[in-house]
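Chemist: My questions will all concern the structure given below.
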There are 2 protein chains.
Amino acid sequence: MASMAAAFIKPSNLFPQSPITFTKAVTPPIMLPMSLRVKTKTHRRIRVSCGLIDPDGGKLVELIVEESMRGSKNREALSLPRIKLSRIDLQWVHVLSEGWASPLTGFMRESEFLQTLHFNSLRLQDGSVVNMSVPIVLAIDDDFKNRIGDSSKVALFGSDDRPVAILNDIEIYKHPKEERIARTWGTTASGLPYVDEAIKNAGNWLIGGDLEVIEPIKYHDGLDRFRLSPAQLRNEFTSRNADAVFAFQLRNPVHNGHALLMTDTRRRLLNMGYNNPILLLNPLGGYTKADDVPLHWRIKQHQKVLEDGVLDPETTVVSIFPSPMHYAGPTEVQWHAKARINAGANFYIVGRDPAGMGHPTEKRDLYDADHGKKVLSMAPGLERLNILPFKVAAYDKTQGKMAFFDPSRPQDFLFISGTKMRNLARNKENPPDGFMCPSGWNVLVEYYKSLVPAENGRIPKPEAVAA
Amino acid sequence: MASMAAAFIKPSNLFPQSPITFTKAVTPPIMLPMSLRVKTKTHRRIRVSCGLIDPDGGKLVELIVEESMRGSKNREALSLPRIKLSRIDLQWVHVLSEGWASPLTGFMRESEFLQTLHFNSLRLQDGSVVNMSVPIVLAIDDDFKNRIGDSSKVALFGSDDRPVAILNDIEIYKHPKEERIARTWGTTASGLPYVDEAIKNAGNWLIGGDLEVIEPIKYHDGLDRFRLSPAQLRNEFTSRNADAVFAFQLRNPVHNGHALLMTDTRRRLLNMGYNNPILLLNPLGGYTKADDVPLHWRIKQHQKVLEDGVLDPETTVVSIFPSPMHYAGPTEVQWHAKARINAGANFYIVGRDPAGMGHPTEKRDLYDADHGKKVLSMAPGLERLNILPFKVAAYDKTQGKMAFFDPSRPQDFLFISGTKMRNLARNKENPPDGFMCPSGWNVLVEYYKSLVPAENGRIPKPEAVAA
C-alpha cells in the first residue's frame, strides 16, 4: 500500500501552516457552530453528510477566556494565591483548555477522581456516562494548602512566572498516591516513568476546580503550528467533507507497517460505503519517557514519511495531541480513544499492547498484549466509537515490503520490534528495504547520532515499545 | 431506640428453623414464582404491593441442577478432569449457585474479569449495566491446565473428594495476580489477608465457565439453617408483605449503636410512607481474617441481641451471606450492596470505612473512611439501590446509652472503636452500660476466653474494624 501514494508532494503542503490555513484547504474551513451541529444530530436525527461524532457530554468544552477579558483575568490572577505548574501540569492545562477531556471543565474534584479510579468513567447529571480513565489532577503540598486560606480560587503560574489560568470553586482533597498508582497502572512497582516524574514527589493534596485559561497554551518550540485543538480539527474535517474520521495514536516513528495499516483502514472504510474517510495521525506531544524518541524528531520523521508519499496528504491530517503519556496500557488507551472522539474521530485504530511498556522490575511486559484492545472494546462511554483492531504487519521477505502477516507462510516474514528498530538506527545500520522510507530512517539515525553519551559512555538504551 | 423493643421474645422464634418455616411466620410463605414476579414488574409495569426490586439482569440466577439430574451429573463429574476446591473456592461456588452474583452463571471468563477489574461493572447483551466489583474467579496451576487437554468441561471437587459441580464451556486465561491485586485493593502491600489466603499461592491461570452445581452447598456446622438463598429471602420478604427491604452487612458483633441505626432506619422508612420495611441483618459467613470474631460466635451474639429485644424479630430477618471477605474497602462495598439487591433489598445501609482495615504495612487505615460511601453512591449498576449513609453513633454518657452523636456537645460522647470493644472483651472487662446487651457481651467474653494463646503466649490482637 505504501507504493499507492505515487505522486511526490511538496513538503509545504503536508502540514498545517497555522491552525486555520491547512493542508491543501482550497476553500476556507466551514465553521459550523458546534451547538447547531449537536442539535441537528441529537434532537432531529437528520443525517448530515459532514456531521461529526458529538463530543462527550454533547458540547465541546473550551476553557480559554475571551480575548477582551485577558487583561482583567491576568490582573485577577496576580492577586490570588499562586500554584507554580510543572511541565506536566501545564500539559494538562493545555489538554483541558481545548476540551480533549470534555466534559471536564478543569482539574478533577474528588467525585470525578474517584469515579475515574474505580469506574474509568463519569456519570453526568442527565444519567449518561462518558469515559474517563486517567486522573487529570493537580497536586499541592501542605504548605500551599495552608497558604490558600479561605480563597475560593487560585492562580496557576507557568515556569516563566506569568499567570496561565485561574482555578475557580476549588475543592481540596487527599492525594492517595499509592491507591492512585495501583488503580491506574495495576502495579505499584518502582520505576513507572510518569509516577517517578509526576506523582512520587508531588504534594499530598489534590486541588480541583473550574479552569479559566488566560490565553491559548503555546510552547514556542517551532511545533505550535502542528498543535490543532479539537475545535480546529473538527473544522478541518468539516472543510474536507469527511464522512468518517479514523484516528491513529502514536508516540513512535511511523514505519511502513503503520502506514499499511492506515491506508488499509481507509480502504476498508471506503468498502463500507464511506465516501471520504480522513485519517487523523495524532502523535502524542506531552511528556514521554527518556528513551522514547523526542517529539521534534518524531515530527521531522512523520514529515519525511508524508513527503515520500507513504501516506496520502489529501486524506491525512497530522496534528499533535498535547497529552502527557502515562504508559498505563489498557487504562490509558481508553483516554487516548476518548480524547479523539472529542476531536471528531468516530473510528479508532488499536494495536498490540497499546500504551504498554516493559514491567519496570520484572522481565516481562507490564500488560497482556491483548488486554488493551479488549478493555477498549468494552469500556463504558466508548460505545459510540468504532474500534478497529490492528492486524499484525511484518516484513514480507518475498515482496520486500511490509505486509499483513500470513500465518500460512510464517517463514517468509520478519518481525522488527520497536527495540530492534531503535537498535539498528542507533548503530547506523539499515533496516531491510521497504521497512521505512529512507528519508524517514535517516531522521532516526540523525537523532541517535545527536545524543550525547551519558557519563558512563552509554547512550540510553531504547526499550521495546508499541505504537 | 434499643429500649423500644420491650417485649421479651421467645428465642425459638427469632431465627429461621429451616429455610421454609421462619421467624413467627404464622402463614406459610407465599411462593410466587420468580419469573411471574419479574414479568409483572418489568413488562407490565404494574406496581404490586409486595413487588421486590428486580435481581440484576432481570432474573435471579440459580445454578443447582434439578434433583432428578443429580445422579447423572454426579456420574458425569466423576468422568471429567478434576479441580479440588479450596475452602474459599467452595464459598464462591455457593455464592454463584444461589444467584447472589446474578447475572453471573459461573466463574468469570476473561471478558467479565477484565470488566470487573477496570470498570467494576458488566455490560449485558441488551446494553444494560450491572455492578460487579470483585473478581469471582477460579485459579488453576500449569499442571492442571495441561491435564485438561481438549475437554470443554471440568469437575469441581470438595475437600471430601466428592463432586460439587461441573464447569461447562470453559475458558482458560492468564491470572495476572499483581494487576488483580492492585486494581482490586488499590495496593500491593504484602499482608492483605485475602491475597495471602487465596491469591499469592494460587495457580497462574484462571478458568471460567458456566456452573452446574450438583446439590445445594451445605457446611454441616450447625448454621446451615441460617443460610437462606436470595430466592428464599425473597420468598420470606414477600410472605411478610415487605414493601421495603433494608440490608445491613456486617462481620462484627452487633452493638447498640448498630441497633440504633437499624431501628432508626426503619423509623425513617415509615416516615417516608412505607408500611412495612423489613431489615435484612445479613452477617458475612465466608472467609474472614484470623483476628475477626468467627461466624458461629457472631451468630450466637446476634441471637442474644435479638432475644434481648434490641432488634424487633417481627421486622428483622437474620441470615448468613455466604461470601468470603476481601477487605477491599470501596471496591468490596459495591459487591456487598449488589449481592443484596439480588436478595431483594432496595435500601442499603453504609457506614464509615465499609470493608476497610488497617494498612498492612503502614500506620494508617488502608482506605479513606469516606470513600466507601462516596464510591457506592456513584457506582455503575447500583442506581436502583437507595444508599443510606450511616449516622455516627456513640455512647452518650448523659443518657447512658448509644445515641447519634450531637456535635454541639462532644464532651458527652464516648467513641468505642472495634479495637477497644475487642480489647475490653479480651480482658473480661465490661463496656459502659447500654453499649451492648449483657448477654451479647458475655458471648464475646466467652469467645476470647476460648482462644488458646499462640506459642508466644499471646492471643491474636484484634484490629480496628468497621461494620
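Chemist: Does A:ASN131 satisfy the criteria of being open to solvent by less than 10 Å² (accessible area, probe 1.4 Å) and either more than 13 Å from chain B (Cβ to nearest Cβ) or touching a residue at least 40 places away in the same chain (Cβ under 8 Å) (or both)? Quick ask: steps written out before the conclusion?
Modeler: Details: open to solvent by less than 10 Å² (accessible area, probe 1.4 Å): yes; either more than 13 Å from chain B (Cβ to nearest Cβ) or touching a residue at least 40 places away in the same chain (Cβ under 8 Å) (or both): yes.
Yes, satisfied.
Chemist: Looking only at the stretch A:266-284, how many residues end up being crowded, with 21+ Cβ neighbours inside 10 Å and closer than 26 Å to A:PRO438 by Cα?
Modeler: Restricting attention to the stretch A:266-284, the residues satisfying the condition of being crowded, with 21+ Cβ neighbours inside 10 Å are A:266, A:269, A:278-284.
Imposing the further condition that a residue be closer than 26 Å to A:PRO438 by Cα reduces the set to A:266, A:278-284.
So the answer is 8.
Chemist: Inside the stretch B:199-243, can you point out the residues that are of a type in the set (Gly, Ala, Ser) and in contact with a strand residue (DSSP E or B) (Cβ under 6 Å, 6 or more places away or on another chain)? Let's see the steps before the verdict.
Modeler: Pass one, the stretch B:199-243, residues of a type in the set (Gly, Ala, Ser): B:202-203, B:208-209, B:222, B:229, B:231, B:239, B:242.
Correct list: B:ALA202, B:GLY203, B:GLY208, B:GLY209, B:ALA242.
Chemist: Output the residues belonging to the stretch B:392-440 that are among the polar types (S, T, N, Q) and either open to solvent by 70 Å² or more (accessible area, probe 1.4 Å) or part of a helix (DSSP H, G or I) (or both).
Modeler: Those that are among the polar types (S, T, N, Q) and either open to solvent by 70 Å² or more (accessible area, probe 1.4 Å) or part of a helix (DSSP H, G or I) (or both): B:THR398, B:GLN399, B:SER408, B:GLN411, B:THR419, B:ASN423, B:ASN427, B:ASN430, B:SER439.
Chemist: Now for a separate question. Taking the stretch B:82-123 on its own, how many of its residues are of a type in the set (Asp, Glu) and more than 14 Å from chain A (Cβ to nearest Cβ)?
Modeler: Of the residues in that region, 2 qualify.
Chemist: Given the conditions (1) closer than 27 Å to B:THR238 by Cβ; (2) at pLDDT 95 or above, report the number of the one that B:PRO313 does not fulfil.
Modeler: Only one criterion is unmet by B:PRO313, namely (2).
Chemist: Name, by its number, the condition in (1) in contact (Cβ under 8 Å) with a residue 12 or more places away in the chain; (2) in contact with a helix residue (DSSP H, G or I) (Cβ under 8 Å, 6 or more places away or on another chain) that does not hold for A:ASP406.
Modeler: All conditions pass for A:ASP406, except number (1).
Chemist: For the stretch B:225-265, how many residues meet the condition of being open to solvent by less than 10 Å² (accessible area, probe 1.4 Å), out of contact with any His (no Cβ under 9 Å at 6 or more places or on another chain) and β-branched (Val, Ile, Thr)?
Modeler: 3
Chemist: Shifting gears a bit: Which of the helices (runs of 4 or more DSSP H) contained wholly in the stretch B:275-386 include at least 2 residues that are closer than 23 Å to B:SER128 by Cα and either without any contact (Cβ under 8 Å) to a residue 24 or more places away in the chain or away from chain A (no Cβ under 14 Å) (or both)?
Modeler: Answer list for the stretch B:275-386: B:329-342, B:371-378.
Chemist: Name the residue that is nearest to the other protein chains (Cβ to nearest Cβ), counting only residues in the stretch A:174-197 that are more than 24 Å from the chain's Cα centre (by Cα) and farther than 24 Å from B:GLY356 by Cβ.
Modeler: Looking at residues that are more than 24 Å from the chain's Cα centre (by Cα) and farther than 24 Å from B:GLY356 by Cβ, I get A:ALA189.
Chemist: Kindly provide the set of residues from the stretch A:149-170 that are closer than 16 Å to A:LEU80 by Cβ and open to solvent by 10 Å² or more (accessible area, probe 1.4 Å), ordered by number.
Modeler: Once the filter is applied, which keeps residues that are closer than 16 Å to A:LEU80 by Cβ and open to solvent by 10 Å² or more (accessible area, probe 1.4 Å), the stretch A:149-170 yields A:GLY149, A:ASP150, A:SER151, A:SER152, A:LYS153, A:ASP161, A:ARG162, A:PRO163, A:VAL164, A:ASN168, A:ASP169, A:ILE170.
Residue by residue, here is whether (1) open to solvent by less than 30 Å² (accessible area, probe 1.4 Å); (2) touching a helix residue (DSSP H, G or I) at 6+ places or on another chain (Cβ under 6 Å); (3) assigned to a helix (DSSP H, G or I) holds:
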{"residue": "B:ILE83", "(1), (2), (3)": "yes, no, no"}
{"residue": "B:ILE88", "(1), (2), (3)": "yes, yes, yes"}
{"residue": "B:TRP92", "(1), (2), (3)": "yes, no, yes"}
{"residue": "B:GLY99", "(1), (2), (3)": "yes, yes, no"}
{"residue": "B:THR105", "(1), (2), (3)": "no, no, no"}
{"residue": "B:HIS118", "(1), (2), (3)": "yes, yes, yes"}
{"residue": "B:LEU122", "(1), (2), (3)": "yes, yes, no"}
{"residue": "B:GLY127", "(1), (2), (3)": "no, no, no"}
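Chemist: Then there is this: With the structure loaded, tell me whether B:GLN334 is in contact with a Gly (Cβ under 6 Å, 6 or more places away or on another chain) and surrounded by 23 or more Cβ atoms within 10 Å (Cβ to Cβ) or whether it fails that test.
Modeler: Spelling it out, it is not the case that B:GLN334 is in contact with a Gly (Cβ under 6 Å, 6 or more places away or on another chain) and surrounded by 23 or more Cβ atoms within 10 Å (Cβ to Cβ).
Chemist: Here is a further query. Kindly establish whether B:GLY358 is more than 15 Å from the chain's Cα centre (by Cα) and open to solvent by 10 Å² or more (accessible area, probe 1.4 Å). Talk me through it step by step, then tell me what you get.
Modeler: Working: more than 15 Å from the chain's Cα centre (by Cα): yes; open to solvent by 10 Å² or more (accessible area, probe 1.4 Å): yes.
The answer is yes for B:GLY358.
Chemist: Let me ask you something else. Being within 14 Å of chain A (Cβ to nearest Cβ), farther than 24 Å from B:SER72 by Cβ, in contact with a Lys or Arg (Cβ under 7 Å, 6 or more places away or on another chain) and acidic (Asp, Glu): is that true of B:GLU171 here? If you could, list the steps in order and put the result at the bottom.
Modeler: Working: within 14 Å of chain A (Cβ to nearest Cβ): yes; farther than 24 Å from B:SER72 by Cβ: yes; in contact with a Lys or Arg (Cβ under 7 Å, 6 or more places away or on another chain): yes; acidic (Asp, Glu): yes.
Criteria met by B:GLU171.
The values are calculated or read from the model by the stated rules, or taken from the named source; none is laboratory data. Just so we're clear, the structure is a prediction, and the values are computed from it rather than from any experiment. As a convention, Cβ positions derive from the backbone with ideal geometry for all residues, glycine included, and neighbour counts pool all protein chains shown. We work out accessible area using only protein heavy atoms, side chains counted, and drop any ligands, DNA or RNA first. Shrake-Rupley method; radii C 1.70, N 1.55, O 1.52, S 1.80 Å.
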